[in-house]
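In what follows, a structure is listed as structure tokens, so that the remarks can point back to it.
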Amino acid sequence: MNTVAELLHARAGDDAPGLSFEGRTWSWREVVAECAIRAAWFGGLRTVDPGRPVHVGILLDNVPEVLFLIGGAAMSGSVIVALNTTRTAVELEGDAARADCDLIVTEPRHLPTAQDFAHDDLGVVDYESPGYAKLLAGYEGAEPPALAGVTAETLLMLIFTSGTSGNPRAVRITHRKVVVPGESLAGRMLSSDDVLYSPMPLFHSGAIMAAYAPALACGGRLVIRRRFSASGLLDDVREHGCTYLHYVGKALSYVVAATPGKVDNPLKIAFGNEAAPAEQKLFGERFGCFVIDAYGSTETAIALTPDPFGPPGALGKLGPGIKILDPETGAECPPGATGELVNTSDMGLFDGYYQEQADDRLRDGMYWSGDYVRADEDGYVFFVGRSLDRLRVDGENFGAVEVERALDLDGLFAVYGVPDVSAGDQVMLATTGAFDPAAFAEAVAGLNPKWAPRYVRVARELPVTASNKILKRALAAEGWRTEDPVWFRPGRDLTYRPMTPDDVTALREEFARTGRLHLLEGQR
């Protein structure tokens, strides 16, 4: 099996275009040369713990430096820690500590945040500063280092996901975890003539494994955008001749809304996950391309093979060892019944979390995903929802417990996920306390914007177990279809108003339009 370092070495003499960003293009030869410079620099860095490789945290938008640093780590056996730019300084301080960061590389936009959590043992470097350029100049012309010591199991990155504990967990991203999906996608649908467009954040595993990795494997050109823009996507695709797009979650919904009709463009394939079936269909029609919506998570313990000719909304077919089990009894679910997606044979590409156990995922020697699905008679799998303590809002993963800990509310309350009309979840709060919409909006204004509840249910009492644990499953099953008063915010601002029967009807119609009405059936 190849490593990322070996794939880079194979491109060291390749003068074909390899990377484009904001008007500049690097050949693959130039990309590898930049990576070799960072590898040489990493080789001279020292860690707090001499028993492990250097851990370099990156707090960066989608800029070429991200890929140069990843390549430098791949060649030198170092580790890149992908820090989420949407998190606060306090949150990032905890993330950096849990991932053993020795240094943070950032940019002017995120420099104040990085400086807020920097300390004597954790330095911060601005990659756009003259000092950084001078530092790298000392390694100009460095040759790619020998590959000895770097194997498929060598740790390359730490990428954060969220678990039911509420704390983001750093997933171990080894070389094989990048190479396997990269070579698979490249072998199935790409060639060196393809141009791959990657507007999704490179601090997420999707962009690494489904954009960067296949571009490196096939020798095509990777086009990155600093931040995703729905209105700018078509112009980018046309300007660069992009034939492949990687997306996540609601991205296609935003693009469809910004593209009212059929458009002339070179796109052939859009590959990603969690787009609504209606948006997949509309995007494919308007851009004249195949949309392949796959199942995936940062852990990558479970893979389903997408079938562009399968039923609308299907994630693919169940493969060997992948089953749908009843989470209570462990029995296999019959076609049509909802259960949890489980790898019953091995851990797939999951190499564990960094310094944390995966006990909540491993039971009876099997990997339980926390994702609820159903299968039809032909074995096609359809997503239903995820376990109630894990939410994914607009492409961001976090735990319900994180939101609960950040709220200071009177009375009994619980945070849980309800389906979004296009992709993933929306945050819902149920509370027995008094609800003042203006005061509540002020209270949540300081949270991560994606944590702010979309719906607030005000109840006289909440369902509880015999041990007084709130039954979130019952709350989620009802969602906003309840006799209790529900307040909601229709837009992005924090203006809450009472939900009316007309609002409920309009929402159901929108779910039907996007092909996600089955998510309202309460099968969690």
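The values are calculated or read from the model by the stated rules, or taken from the named source; none is laboratory data. Keep in mind the model is a prediction, meaning the values are calculated, not measured. As a convention, Cβ positions derive from the backbone with ideal geometry for all residues, glycine included, and neighbour counts pool all protein chains shown.
Couple of notes before you dig in:
- Here residue 26 meets each of (1) within 30 Å of residue 239 (Cβ to Cβ); (2) outside any strand (DSSP E or B); (3) of a type in the set (Phe, Trp, Tyr) with one exception, condition (2).
- Comparison of 248, 195 shows that the only residue that is surrounded by 18 or more Cβ atoms within 10 Å (Cβ to Cβ) and touching a His at 6+ places or on another chain (Cβ under 6 Å) is 195.
- The residues of the stretch 1-18 that are more than 13 Å from residue 218 (Cβ to Cβ) and either of a type in the set (Gly, Ala, Ser) or surrounded by 22 or more Cβ atoms within 10 Å (Cβ to Cβ) (or both), listed by number, are 3, 4, 5, 8, 12, 13.
- Contact map, the stretch 51-65: first residue closer than 15 Å to residue 34 by Cβ and assigned by TED's automatic domain parsing to the domain that holds residue 94, second residue among the small types (Gly, Ala, Ser) and part of a strand (DSSP E or B), Cβ cut-off under 7 Å, separation 6 or more or different chains; pairs are 58/82.
- Output for the stretch 320-368, where each listed residue is in a loop (DSSP other than H, G, I, E, B), surrounded by 15 or more Cβ atoms within 10 Å (Cβ to Cβ) and among the polar types (S, T, N, Q): 338, 344
- Checking each residue in the stretch 16-31 for being over 24 Å from the mean Cα position of the chain (by Cα) and on the phi > 0 side of the Ramachandran plot picks out only 23.
- Only a single item in (1) surrounded by 15 or more Cβ atoms within 10 Å (Cβ to Cβ); (2) without any contact (Cβ under 8 Å) to a residue 60 or more places away in the chain; (3) assigned to a loop (DSSP other than H, G, I, E, B) is not met by residue 104, and it is number (3).
- Evaluating residue 38 against the criteria (1) among the basic types (Lys, Arg); (2) surrounded by fewer than 21 Cβ atoms within 10 Å (Cβ to Cβ); (3) under 30 Å from residue 97 (Cα atoms) leaves one unmet condition, (2).
- Residue in the stretch 166-183 that is at pLDDT below 95, closer than 20 Å to residue 56 by Cβ and hydroxyl-bearing (Ser, Thr, Tyr) present: no
- Filter result (over 22 Å from residue 424 (Cα atoms) and in a loop (DSSP other than H, G, I, E, B)) within the stretch 276-303: 288, 289
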